[in-house]
Amino acid sequence: MTYRSPADYRLRAFVWSALLAWSIAVWIAIIAFIAIPAAKAIVEAASNPAACAGYARSDCAAVMGER
């Protein structure tokens, strides 16, 4: 059996916590830069049908997201 010092466990805990923090940061970035603007575009397209005149229903949210 291999002896592991308390420093080994602290290093392992630090690495896992850093990985968790990085993962949380990535999810926050995904939500902030992709999901929220997409949701805003969908809500705006649904509330203002005249803005989507001439576009297919599937293209309307994409068009509104570009504005």
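We did not get these values from a lab; they are worked out from the coordinates using the rules stated. These figures come from a predicted structure and were not determined experimentally. Cβ atoms come from the backbone with ideal geometry, glycine included; neighbour counts cover every protein chain shown.
Observations, loosely collected:
- Pairwise FRET efficiency - D59 versus I36, Cβ, R0 = 30 Å, nearest 0.05: 0.90
- In order along region 26-34, phi translates into HN-Hα couplings of 5, 5, 5, 5, 4, 5, 5, 9, 10 Hz, rounded to whole numbers, per the Karplus curve 6.51 cos²θ - 1.76 cosθ + 1.60 with θ = phi - 60° and x for Gly and Pro.
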